[in-house]
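Here is the structure we will look at, set down as structure tokens.
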Amino acid sequence: QVQLEESGGGLVQTGGSLRLSCSASGRTFSGYAMGWFRQAPGKERELVAAINRSGDRKYYVDSVKGRSTISRDNGKNTVYLQMNSLKPEDTAVYYCAQAYGTNLAMRSYEYIYWGQGTQVTVSS
């Protein structure tokens, strides 16, 4: 059974930074693409960033491009999302997910395992 555990969320002021971490266990972490999603109240879940197995291909939603960096440490079975210049509209529950395969995964149905989520709240 794969377990994904997010950490690093919290309350931050506009313009601040957070680094989210997702620790994985139960399946060879380095063999699969990973992604970070978020869901704000009343809104659909959206893909924020994704990374392929080796970490050399990445995707960012336009709203976070230039402000966020996804990375992975396959030796530590961990994927990160560094978020800078945070805005109130970044407020959401952030979920880590592991894909079925190795390539960059852009749709939620391409992900098989999900974490419980970590709350990010950006105050204005």
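General remarks:
- Matching residues in the stretch 92-111 - criterion: being of a type in the set (Ser, Thr, Tyr) and touching a Lys or Arg at 6+ places or on another chain (Cβ under 9 Å): Tyr94, Tyr95, Thr102, Ser108
- Unique match (being over 19 Å from Ala24 (Cα atoms) and either open to solvent by less than 50 Å² (accessible area, probe 1.4 Å) or not aromatic (Phe, Trp, Tyr) (or both)) among Ser71, Ser63, Ser54, Ser108: Ser63
- Contact map, the stretch 113-124: residues that are over 15 Å from Pro41 (Cβ atoms) paired with residues that are open to solvent by 60 Å² or more (accessible area, probe 1.4 Å) and assigned to a loop (DSSP other than H, G, I, E, B), Cβ distance under 6 Å, separation 6+ or inter-chain. Pairs shown: Ser124/Thr14.
Residue-wise test of (1) among the aromatic types (Phe, Trp, Tyr); (2) part of a loop (DSSP other than H, G, I, E, B); (3) out of contact with any helix residue (DSSP H, G or I) (no Cβ under 8 Å at 6 or more places or on another chain).
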| residue | (1), (2), (3) |
| --- | --- |
| Ala50 | no, no, yes |
| Gly55 | no, yes, yes |
| Tyr59 | yes, no, yes |
| Ser63 | no, yes, no |
| Ser71 | no, no, yes |
| Val79 | no, no, yes |
| Tyr94 | yes, no, yes |
| Leu104 | no, yes, yes |
| Tyr109 | yes, no, yes |
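- Cross-chain or 6+ apart pairs with Cβ under 8 Å, the stretch 61-88 first and without any contact (Cβ under 8 Å) to a residue 60 or more places away in the chain, then surrounded by 16 or more Cβ atoms within 10 Å (Cβ to Cβ) and in a loop (DSSP other than H, G, I, E, B): Arg67/Leu86; Ser71/Gly55; Arg72/Gly55; Asn74/Gly55
- Some residue of the stretch 35-47 being farther than 21 Å from Glu5 by Cβ, of a type in the set (A, V, I, L, M, F, W, C) and loosely packed, with under 15 Cβ neighbours inside 10 Å: yes
- Residue in the stretch 2-20 that is in contact with a Gly (Cβ under 6 Å, 6 or more places away or on another chain), within 23 Å of Gly101 (Cβ to Cβ) and among the β-branched types (Val, Ile, Thr) present: yes
- Going through (1) within 23 Å of Gln3 (Cβ to Cβ); (2) among the polar types (S, T, N, Q); (3) modelled with pLDDT of 95 or more; (4) open to solvent by 60 Å² or more (accessible area, probe 1.4 Å) one by one, Thr28 falls short only on (3).
The values are calculated or read from the model by the stated rules, or taken from the named source; none is laboratory data. What you are looking at is a predicted structure, and each value in this text was computed from that prediction instead of being measured. Positions of Cβ are generated from backbone atoms using ideal geometry, with glycine treated the same way; all protein chains shown enter the neighbour counts. Accessible surface is based on the protein model in full, side chains and every heavy atom, while ligands, DNA and RNA are left aside. Shrake-Rupley method; radii C 1.70, N 1.55, O 1.52, S 1.80 Å.
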